[in-house]
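Structure first, then comments.
Any read-out appearing in this document is the output of simple, stated calculations on the displayed coordinates, not a laboratory observation. Given the structure is predicted, the values throughout are model-derived calculations rather than measurements. Note that we place each Cβ from the backbone using ideal geometry, even for glycine, and neighbour counts take in every protein chain shown.
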Amino acid sequence: MMEKTANEQFTVPIGPQHPALKEPGSFRFNVDGEVVTGATVRLGYAHRGIEKATEGRNFVQNIYLLERICGICSDIHATAYVLAVEQLAGVEAPPRAQAIRILVAELERIHSHLLWVGVAAHEAGFDTLFMYSWRDRETIMDILEGLTGNRVNYSVNLLGGVKVDVDEQQKDTILKGIEFLEERTKHYLDVITKDAMFLQRTRGVGIFTRTQAEVLGAVGPTARASDVARDVRVEAPYGAYKDFPVNMITEKGCDVEARFVVRIRELFESYRLVREILNKLPEGELTARFPRRIKPGEAISRVEAPRGELFYFVKSNGTDKPERVKVRTPTICNMTSVVKLAVGHQLADVPMILVGIDPCFSCNDRAVSIDHHQHGREDWSMEELREYGIRFYHGHT
Amino acid sequence: MKLATMIGDVRTSFFRKPVTQRYPFERRETPERLRGLLNWNGENCSGCNICSMDCPAKAIEVIVIDKKAKRFVMHYQADRCTFCAQCVFSCNHDCISLDSNGWELAALARNAFAIYYGTEDDIKYVLAGPPAPDAEAPVEG
Amino acid sequence: MDILSDLFAILIFPSGLFLLIAGLLYEWADRKLLAQLQNRIGPRWFQPFADVTKLLAKEEVIPTGVNPYLFVGLPIIALAGGLTAALYVPIGGVAPAYSFNGDLIVTLYLLSLLTLCMGLAGSNTMDRFSLVGATRTLTQLFSYEAPFLLALLGPAIVAGSWQISQITNYTNGHWLVLTQPLGFIVVLIGLMGKLELPPFDAPEAETEIVAGALTEYSGRGLAMFRLGKGIEMVIGLTLVAAFYLGGVSNPLWFLVKTLGLLLVVAILQAVLARLRIDQTVGMWWRYGALLVLIQWLFMIGMRVAI
């Protein structure tokens, strides 16, 4: 039986299996009554060894492997990879292909933010907003299906270009869909900023000051909601963003409501961008010739995923298979903020804080922990790793 | 600060039909670019095998019976295919296309997913497998 | 003959089988209405029956560290309390099976017994989620019981009796929702708090504490708690309809009024977001009790004046 002492602290586990999490991640919150007093996180439940798997496949096959790191931001992973490999090969995709690439990227951003609005509303207990925003998300899924051929994992990127073209009929469908979505998004902005009961769950919850955001290295809408102006599309425009500039959207609220508002305003920005791209699509071909063997070198690409800055490092060694692909996803930058912010809040606010960073656990399955005290070095051989594993698990049985 | 901001939506929905599509009784039109089951037209195939090299799921195998006479059989494993359409673009001779109506792909047995494309005789030849050792001409003693 | 009619009342109608089936049907109606308001198809009519059948067919897992007698016994007590409460309430539009002076308090007590059993069931485990859920259930019980009871006493004061059958005789034809609107608002919201419907579903907030107090339950125990919730809904709706909406004098009026009330409850469920438990308590003890007291003062003032 349990013994209760005067300063008894429960540990409420959220995860790895929990209805609040759509993907596995293990959080432990020390709770005193309803107030959180401490938090820890363990990740890595969705680790699939993708970075290792890229080394056994050629550059073309890797596009599709890396696309499946995440279901919601699949296209942006492929775009980042393809930009890095094109840098290595010294080939630039034709302008029409670049424009179509960012068109699909913006459509994906719209889909991801609408998905997030629904999921965050569900976490707050506002199921009606969840149902309606996902109903409207079907519009963008249908647009993407008509344009690319699939609702998820669009696979539009090729090394050196894109697979699909935008004709007049596609353009009309997209514009009509965007118009409908803009009306609905205005309504959602109204709901989120004015609904009294929803604001009780979001206003003043999870305050993440600007200094904290800068020190903890937050990226994406989480940082922009704390008045940190970080957006890769604006700071280091890649692809066709040089021709179609993006406005930076920041909010000073620093709480969960500000994160909602930032994402909804980004939706409006994406609608504007989609219209602009469709109206000013440059003429030209869709692909450029691409060598099968890439000369040796290293390349970096940074892109703006719906959740923040996505970073790819690709190293080639002269064959048709990459030597190393390293992926750094935005959620891993924002995860520390959850652990820091949860302290002092009520238990009921914790899912809102967690969902406020838009966690994508399948993306951030690359957690590396370095034990400086024991070894003092930063790389281990396979033997050392194996010994450490045996010691770790024996010590924790 | 308003209360019940979604009341407008709720009121309209009460009198409207639900948006759910009652599949399989209702079926929407399939978009023409939908990436469905693979189709191979072997007339122009040169047996270069780039499609199977580039397939991320190793779902295609072009079996070469006779390269000079252009006798090829494509062994397509539909249960491995991810419908990415890379093969369509890798092929330099436009041999591959994805059928936009081939998306209802459920079957009761595994062998329904092993699809062979080619002429009838070629497929029979491939499926027969290598000749058994004692079917060769007996060695003269 | 007396024993037979007693048994009939307890086992078949109005309590017992009729009530269990009615509870499941009302649960279906609630889910279907909510789905229609959210622009989607809800479950088919036999869904709650299928749920209960499936649960009864599953193994009841008794976790370690619990008191097994309490674990198995609490759902039975909860269901029994709910079924007994129905004997004093005009379910189905017919007069209550039994009636005595003061049975309003007894009915409300038996309904609270259900919630209390759920709270105890949650405290009876070592599971973190159940403990937090049990705390929330009991907190919510303490906060809405008083305003809900006071709001139900409004018609009792006007009818001059503590007996449900006499109150319903008085309210038959008198639509007290018009003369005591504040009381109606409080009793409606109190009903939603009692049934733990959104926005007051913090005790079973799925996204925070899995299933609240009932997390450890499975199989038979969970089926009984679910049935208990269903019949609590029927009894609660009947009470509110009988007291405020002009009485339920025959089965047709019963259906119409309770379903109409269910529609209003479903609309409130759809448009309001979940409140945190501290916000629920704060709201009740500030606004709920205040509104009821104002209503009372008004009524007493009118009585004294007239």
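Each peptide in A:216-223, C:50-57, A:32-39, C:265-272 was scored by the mean count of other Cβ atoms within 10 Å over its residues; highest first, the order is A:216-223, C:265-272, A:32-39, C:50-57. Taking other Cβ atoms within 10 Å as a rough exposure proxy, C:148, A:29, A:313 sort from fewest to most as A:313, A:29, C:148. For chain A, modelled as a GNM whose springs connect Cα atoms under 10 angstrom apart, the maximal fluctuation among A:310, A:286, A:66 occurs at A:286.
Of all trypsin sites (Lys or Arg not before Pro) in region A:1-81, which ones are in loop regions per DSSP and have a Cβ with at most 12 other Cβ atoms within 10 Å? Before the final figure, lay out each step's value.
Working: sites: A:4, A:22, A:28, A:42, A:48, A:52, A:57, A:68; in loops: A:4, A:22, A:48, A:57, A:68.
Sites meeting the loop and neighbour criteria: A:4, A:48.
Kindly identify region A:218-365 as rounded, prolate or oblate by the Cα gyration tensor criterion: order the square roots of the eigenvalues as a ≥ b ≥ c, call it rounded if a/c is under 1.5, otherwise compare a/b with b/c, prolate if a/b is larger, else oblate. Walk me through the intermediate numbers first.
Numbers: a/c = 3.01, a/b = 1.44, b/c = 2.08.
Cα axes put region A:218-365 in the oblate bin.
Shielding by partners for A:59-67, please: the mean number of other protein chain Cβ atoms within 10 Å of each residue's Cβ.
Details: counts 1, 8, 8, 1, 4, 8, 3, 1, 3.
Shielding by partners across A:59-67 averages 4.
Annotation for region A:164-269: trypsin sites (Lys or Arg not before Pro) lying in DSSP loop with at most 12 further Cβ atoms inside 10 Å of their Cβ are A:252.
In region C:202-306, which trypsin sites (Lys or Arg not before Pro) are in a loop and have at most 14 other Cβ atoms within 10 Å, using DSSP for the loop call?
Values: sites: C:220, C:226, C:229, C:257, C:274, C:276, C:286, C:303; in loops: C:274, C:276.
The qualifying sites: there are none.
Would you look at the GNM of chain A, springs on alpha carbons closer than 10 Å, and say which of A:55, A:106, A:387 moves the most? Maximum among the listed residues: A:387. Pick out which of A:237, A:19, A:291 has the largest mean-square fluctuation in a Gaussian network model of chain A, springs linking Cα atoms closer than 10 Å. Most flexible of the set in this elastic network: A:19.
The ranking of A:135, C:136, B:28 from fewest to most other beta carbons within 10 Å of each one's beta carbon is B:28, A:135, C:136.
Which shape class, rounded, prolate or oblate, goes with the protein assembly as shown when its Cα gyration tensor gives a ≥ b ≥ c as root eigenvalues, a/c under 1.5 marks rounded, and past that a/b bigger than b/c marks prolate? Provide the component values of the computation, followed by the final result.
Working: a/c = 2.04, a/b = 1.86, b/c = 1.10.
It is prolate, given that a/c is not under 1.5 and a/b is the larger ratio.
The order of the peptides B:70-82, A:347-359 by mean Cβ neighbours within 10 Å, most packed first, is A:347-359, B:70-82. Whole-Hz Karplus values for region B:4-13 come out as 6, 6, 8, 5, x, 4, 5, 5, 5, 5 Hz, taken residue by residue from phi with 6.51 cos²θ - 1.76 cosθ + 1.60 and θ = phi - 60°; glycine and proline positions read x. Within a straight-line Cα-Cα reach of under 22 Å, residue A:52 can be paired with the following lysines, leaving aside sequence neighbours fewer than 8 residues apart in one chain: A:295, A:315, A:321, A:326, B:58.
Listed values for region B:74-83 are Karplus-derived 3J(HN,Hα) couplings in whole Hz (6.51 cos²θ - 1.76 cosθ + 1.60, θ = phi - 60°), namely 9, 9, 10, 9, 5, 7, 9, 5, 9, 6, and x replaces Gly and Pro. A simple rule links phi to the HN-Hα coupling: the Karplus curve 6.51 cos²θ - 1.76 cosθ + 1.60 with θ = phi - 60°, which for region C:281-290 gives 4, x, 4, 5, 5, 8, 7, x, 4, 4 Hz, with x for Gly and Pro. Computed log10 I(q)/I(0) for chain A at 0.08, 0.12 Å⁻¹: -0.45, -0.99, from the Debye equation with unit scatterers placed on every C-alpha and solvent omitted.
Taking R0 as 51 Å, what FRET efficiency do you get between residue C:175 and residue A:227 from their Cβ-Cβ distance, rounded to the nearest 0.05? Walk me through the numbers before you get to the answer.
Details: r = 55 Å, r/R0 = 1.08.
The calculated FRET efficiency here is 0.40.
The distance separating the Cα centre of region C:58-136 from that of region C:1-51 comes to 18 Å.
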